[in-house]
1. Can you give the average number of partner chain beta-carbon atoms within 10 Å of each beta-carbon in peptide C:84-93, as a whole number?
2. Could you tell me which of rounded, prolate or oblate describes chain C, using a ≥ b ≥ c as the square roots of the eigenvalues of the alpha-carbon gyration tensor, with rounded for a/c under 1.5 and, failing that, prolate when a/b is larger than b/c and oblate otherwise?
3. Packing-wise, with mean Cβ within 10 Å as the measure, how do D:322-330, B:168-176 rank, highest first?
4. Once phi is turned into θ = phi - 60°, what whole-Hz ³J(HN,Hα) does the Karplus curve with 6.51, -1.76 and 1.60 give for every residue of segment D:439-452, x standing for Gly and Pro?
5. Report, in cubic angstrom per residue, the convex hull volume of the C-alpha atoms of segment C:1-66.
6. Shape call for segment B:49-115 from the C-alpha gyration tensor, a ≥ b ≥ c root eigenvalues: rounded (a/c under 1.5), prolate (a/b greater than b/c) or oblate?
7. Sort D:54-62, A:123-131 by the packing proxy (mean of other Cβ within 10 Å over each peptide's residues), most packed first.
8. What relative contact order, as a whole-number percentage, does chain D give when Cα pairs under 8 Å and 6 or more residues apart are counted?
Amino acid sequence: MTQTSTKPDAATGADAAAQPWSPRIVAFVCNWCTYAGADLAGTSRLQYAPNVRIIKLPCTGRIDPLFILKAFEQGADAVLVSGCHPGDCHYTAGNYHARRRWGLFRRLMEFTGIDAKRLFFSWVSAAEGQKFADLINAVTDEVRQAGPFDPTNPARKRPWT
Amino acid sequence: MDLAKLRQDAAALLADGRAGLVIGFRERAGACVPAFVTDADQADALVYDDTCIANLAAYLRKPEIRQRRPVALVARPHVMRSLILLKAEHQLQGDDVLVLAVGDDTYHGVLTLAEAERLLNETYADLATDAQVLAEIERLEQMSPEERARFWSEQFAKCTRCYACRAACPMCYCERCIVEKNVPQWISTAAAGHGNYAWNVIRAFHLAGRCIECGACEAACPQGIPLMLLNALLAREARDQFDARPGYDAEAEPVVGSWNKDDDEGFIR
Amino acid sequence: MTTPIGYYPGCSLHGTGRELDQSIRALAEVAGVDLREIKDWNCCGATAAHSLNHDLAVALPYRTLALAEDQGLAEVLAPCAACFSRLKGTAVRLARDPKLAQKMTEITERPYRGTVRILSIIEFINRLLDAGLEAKLTHPLGGLKVAPYYGCLLARGEDIVDDDPEQPSGMERALVAAGCEVVPWNFAVECCGGGLSMSKTEAVLDLSDAILSDAEDAQADAIVTGCPMCHSNLDMRQRTINAAGRGPHDLPVVYLSEILGLAAGIEPERLGLDRHFVDAMRVAERMTERSA
Amino acid sequence: MARVGVFICHCGENIGRTVDCAAVAKAAEAFPGVVKSVDYKYMCSDPGQQMIKDAIRDERLTGVVVGACSPRMHEPTFRRAAFEAGLNPYLLEMANLREHCSWVHEDRPVATEKAIDLMRVMVEKVKKNAELRPIRVPVEPTALVIGGGIAGIQAALDIAGGGKKVILVERSPSLGGHMARLSETFPTLDCSQCILTPRMVEAANHPNITLMTYSEVTKVDGFIGNFEVTVRQKARYVDPEKCTGCGACFEKCPAKKIPSEFDAALGNRTAIYRPFPQAVPNKPVIDAEHCIMLTKGKCGICAKVCPTGAIKYDDKDREVIVKVGAIVVATGFELWDHSAYGEYGAGRLEDVINGFQFERLASASGPTTGEIRRPSDGRIAESVVFIQCCGSRDPKRGVPYCSKICCMYTAKHAILYRHKVHHGRAVVFYMDVRAGGKGYDEFVRRAIETEGAEYIRGRVSRIYRRKDGRLVVKGADTLAGRPVEIVADMVVLADAIVPQPGASRLAQMLGVSYDEYGFYSEAHPKLRPVETAKAGVFLAGACQAPKDIPESVAQASAAAAKVLGLFSQPELEREPIVAKVNEVTCVHCRACIQACPYGAIEDKEIKDSKGNLIRTVACVNEGECQGCGTCVAVCRSGSIDLDGFTDEEVLAEIAALE
């Protein structure tokens, strides 16, 4: 993200403190439900926080824990993972596979020091534009409360020393 | 434990050709080290005691060992679970391996894999996680996320990326580990910072629902990183959330890679 | 069975249903079961309480259940079908609604953890059979044709009765074990008019007459029941029904426990069989000695 | 070296109002690898598309990112333009600057900043994109239709009429299904057999249709365009080539007391039999379970009387494997077993019958030659009670859904009964009357208003048999608010419609999903009601949900249209978003094979030149893979990747967010 002013990394830079920090959130979403739900929020002209960057995958089943690690490594303040409701998966079961994976992986994240407040999971269907907008606002608010992702967290990329 | 019987069985297996190799333990400089016995005469060198922690099933993926199949293996209950799980994951055929089964102060004799599975379910069905490990997990869970991050930051900082943990683990049988994949490179190989975090976390996650808690990885770590905390945490979660009992059923579906309609989703908005 | 089973006789077993009480106790003795009457038990609330005051209707059985629990009884037999329905119904409601349980604790000033299991007469007798009573049935009734009559309370109530409400079969095993032949008939769960027994007796005459007629059509020698209300409607009112120009009926109505008692070789008088309005002693005549 | 072109669309005012498109284009110009970056009012217009095409040629672009609306809107448009300009369409990506940015943010600088981010992500992705070619799968232009009822017959005839081959498999000895058993059909009261049997004959004689009766599907392999289906042909014990259908055998067969399936056990048949006189094929089979020769080894009468020597007692089941490109499932329904209802006699009262039994009583070809005689003693029924919703809409003991056709056929039964027994009483108990459909409500009104059926809104609480043999039906009239008691000679229960027994087993074979009752699930409840989630498998008739005849026929024709559409090309083209296995690093742990929702991954044996097995790896079948990527995420060694969403592409996107 090029909002240089909003980068916590930029604390090393001289002029960084001038601008207030704003959360940076990476969202991994499935193409058929949540991406379409976000489209619907758009066509409905629902206003929501501008802090989320969506990465589209065909299905939540495709979302590897490595994606989440990488996003944190790159300095995301939070990660959101969202897909189809149970029973709605375009691929019949990808979301069930994903749900089980997250059930384990989020425990590991929490245990190794990535606060559960930085990792969000949701089901948003193609019909839930309002839910999508509300979700983004809620997540953004909560991450704002939690503050910037600690630059010294072991998951976080640091300059080679 | 009847060590003499174990030696006798090992010798007999080699002598009548039922096994091409016996992997067990011998003593060297006061410590137990793996022994690879191909000759019946050498069977008397075999020893076994509580300090024999290495999981010998880890050797089965090596081509020079596989050539000598069927291989007989000195195996405690945890190691038998590894073998069952390797079979469930299609890394072993039923007749690739014979087990010289050792249990709590008992020697159970020579077992086929199917017999070992039965023994496990009848006699060793409740292998509990080490109490100290559980206590330490609970202690860490009481901490704030920041404190936990600091704890692991210090632990992972020690990692030299020697991958002894991986070599010691029978379930780390990938020929090209994800950490060695460079197109794209997901995990930095530099022995520092985020690369160490990603490696240790992904190593543990790739064992989620598969770790049988033998402790070989932690024992192998030259830096003393408490890897079993990560493994046992995921083992606990896999058990509590998905009834996972790895290594007790050679027909079981993998925990990650299967699903149930009623899996918990209380954490999903 | 060495663990004692709690016993809740309720009002009717001390009154009109005395033969039910007698036969149950005699049968328990043969089976070697220790029946312990709950000390200081109170009304189950089946009379008027449940139609007048909801709290009272729950509080009455609640107190009895709490007493039973306090007296260390894991199981309680309530032979009267109405008592059974009140006690078990209360237990079910308490289990479903923790708030109600809290309220009852406050009203009765007694704790109840919900550990007591309530048995109906049918469940109790099947339990005795499981525990070896079957072998002690030395005097089978030689093919006595019986129409098992469940009425409402021994067939209905979700989670209260563990049987098919439209075609219950809980009594059949015991009856067959006692050497009876169970006749197929249509009125096993039809209403006897119990609820109108006092207020609108003519309705009872109609309803009970239909039940008796169908049992006779099915060529039953006797109706077997587990409920004192059904029993009094069918037995005591048979004369009135005849006097009203129906019937005429002459069909013995006996308790399940009496049938089992006879089959166990207990003297009919000890079972109270001589206390019936319609002569039931003829049922006892069917007792045979099982050739060993 | 990447040469990426960036095209920012204003979408009139839609994007331009809140996003400074020129500033975005300018910022994108500085991204590494971007050689051209422009903004334009309407990128999707002809001049806009031309701009992209020109740039692809002039700038020798290796990738294009269009910042515009949602890719769900115009991705196909722009990819086609790229293709026309000679660029592989999968080297073009869209960034969603409208739905995900300009429409949801008001602050211009913030929206512009976000738009630049969105562009950077897609530029980084497109630099990693690979050229993909549509996957072509050959199509075997033969269809398999499972089930020879009206739906299956219709589907087969329509496909055959479209010039394609059909194999029609039917489990019983004859085509016709349930419809052949019906007397007359609502709401027109035309004779069921009169309209059905010509279609049965047509299907049997059609040059494009291969009929396999007395046969069952036992195994289904393969995928769309290329199924391999194993069909077990049960032993008929009668050589169909020699048999002339003269009927001498079943006239002489001594095993005569076998309840006829076709007559719903109201009539009997012999051990060598044809289910009904108009059966197609009109040749008997021997029921091995009841045949005296086959069970006891003596008799042989049919062989003696057969003038052509067609009887073969040593006949055996045969399995044949057929190759088909599409499958139409038309396995129909069965009636719920009302013996679960104790209050209706638990199935023990002879004169309490179900709808099919009434159909057979009312049918001129039935066991009573169309007279409404009660089964217990054969007397004409003077009074008949019909009970709707028997098992339907009863979540506790039956099924929670409405069986849809019972209101209509009960009205028909009442009318038919009144036509046949003029002085008889027809009483219908109903919960609601659901008569939506052309001419349907009028039909029910006719039953009530001109045909003299008595409709009582309420449930029946008990049916029992009186000493004189008649039935007493006790119930409630909930409109009048009083109990009713009716003496009847016969009660007809409108049992719920349930799937065929074994429906779930066939579904598992086919890889089709089914609901909790066993009805097959359509791919989309609104927009794809004929397809299943399994590509190449289509649904027709009541195997999907309760349906009447016109609905079944309509769906069958729709399924046939889908099949003909599929068969219109010799090859099937599909989006190349499929998974690929790196066979060098795969260790064959089979996690992907178990995780794949489509069973699209299989074992592949790698052999040396002499044919010795070296090792086994996972292998994705491109025809079956739907591209969800679930396998990729379960592969620990990173040995599977998903074209279109590769690890490299996703990583590039994440990295672009730094």
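Read-outs: derived from the displayed coordinates by stated rules, not from any lab. All values reported here derive from a predicted model rather than from experimental measurement. Heads up, the Cβs are rebuilt from the backbone with ideal geometry, glycines too, and the neighbour counts pull from every protein chain shown.
1. Mean inter-chain Cβ contacts per residue within 10 Å come to 0.
2. oblate
3. Ranked from most to least packed, the peptides come out as D:322-330, B:168-176.
4. Once θ is set to phi - 60°, the couplings for segment D:439-452 become x, 6, 5, 4, 5, 5, 4, 4, 4, 6, 8, 10, 9, x Hz.
5. 85
6. Note, shape of segment B:49-115 comes out prolate.
7. Descending mean neighbour count gives A:123-131, D:54-62.
8. Relative contact order of chain D: 13 percent.
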